[in-house]
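Novice: Sharing a structure here in structure tokens format.
Please treat every number below as a calculation from the coordinates, not as lab data. None of these values were measured; they are calculated from a predicted model. When we count neighbours, we look across all protein chains shown, and the Cβ atoms used for this are built from the backbone with ideal geometry, even at glycine.
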């Protein structure tokens, strides 16, 4: 990882440290998470996100009942006609 130096108002940093400590994290972790979101997904992450968007848009679903199939159901050639 690379270190980055930023200039920030002391009062803002104090409030950020207090809030980070209250949530069990650090200002460094908050900034890292923010920059990851700001920069957007990596190549693989973008491809995965696009795949999920396409799948969601397809509207295919097992429904609320959570339908499952047996091996026999999937390979039953008689139902294909």
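Novice: Which residue fluctuates the most in the chain, going by a Gaussian network model with Cα springs under 10 Å, if the choices are 45, 66, 24?
Specialist: Highest fluctuation among the options: 66.
Novice: Between helix 10-22 and the chain, what is the angle of the helix's C-alpha long axis to the longest principal axis, kept within 0 to 90° and rounded to the nearest 10?
Specialist: 40 degrees
Novice: Which entry in (1) 1.45; (2) 2.03; (3) 1.97 matches Cα Rg over 2.2 N^0.38 Å derived from the coordinates of this structure?
Specialist: The calculated read-out lines up with (2).
Novice: Pick out which of 64, 36, 11 has the largest mean-square fluctuation in a Gaussian network model of the chain, springs linking Cα atoms closer than 10 Å.
Specialist: Ranking 64, 36, 11 by mean-square fluctuation puts 64 first.
Novice: Here's something else I'd like to know. As a test of the formula, what do you get for the chain when each DSSP H run with n ≥ 4 contributes -39,500 (n - 2.57) and the sum is divided by the residue count, at 222 nm and rounded to the nearest 500 deg cm²/dmol? Mind dumping the intermediate values first?
Specialist: On the way: 4 runs with 46 residues, N = 81.
Here the helix-only value at 222 nm equals -17500 deg cm²/dmol.
Novice: Express in nm, to one decimal, how much length is gained between residue 58 and residue 35 on full extension, taking 0.36 nm for each residue of separation and deducting their alpha carbon distance.
Specialist: Working: separation 23, 0.36 × 23 = 8.28 nm, distance 3.15 nm.
Fully extending the segment from residue 58 to residue 35 adds 5.1 nm.
Novice: Here is a further query. Could you please rank 13, 74, placing first whichever residue has the fewest other Cβ atoms within 10 Å of its Cβ?
Specialist: Fewest-to-most ranking of 13, 74: 74, 13.
Novice: Oh, and also: What's the angle, to the nearest 10 degrees (0 to 90), between helix 43-58's Cα axis and the longest principal axis of the chain?
Specialist: That works out to roughly 50 degrees.
Novice: Now a separate question. To the nearest 10 degrees, how steep is helix 27-39 against the longest Cα principal axis of the chain, on a 0 to 90 scale?
Specialist: The angle comes out at about 50 degrees.
Novice: Something else: Specify the residue with the greatest mean-square fluctuation among 71, 17, 32, computed from a Gaussian network of the chain linking alpha-carbon atoms under 10 Å apart.
Specialist: Among 71, 17, 32, the largest GNM mean-square fluctuation belongs to 71.
Novice: Can you work out the FRET efficiency for the pair residue 2 and residue 44, with r the C-beta to C-beta distance and R0 = 25 Å, to the nearest 0.05? If you can, show how the numbers build up before the last one.
Specialist: Working: r = 20 Å, r/R0 = 0.81.
After rounding, the FRET efficiency stands at 0.75.
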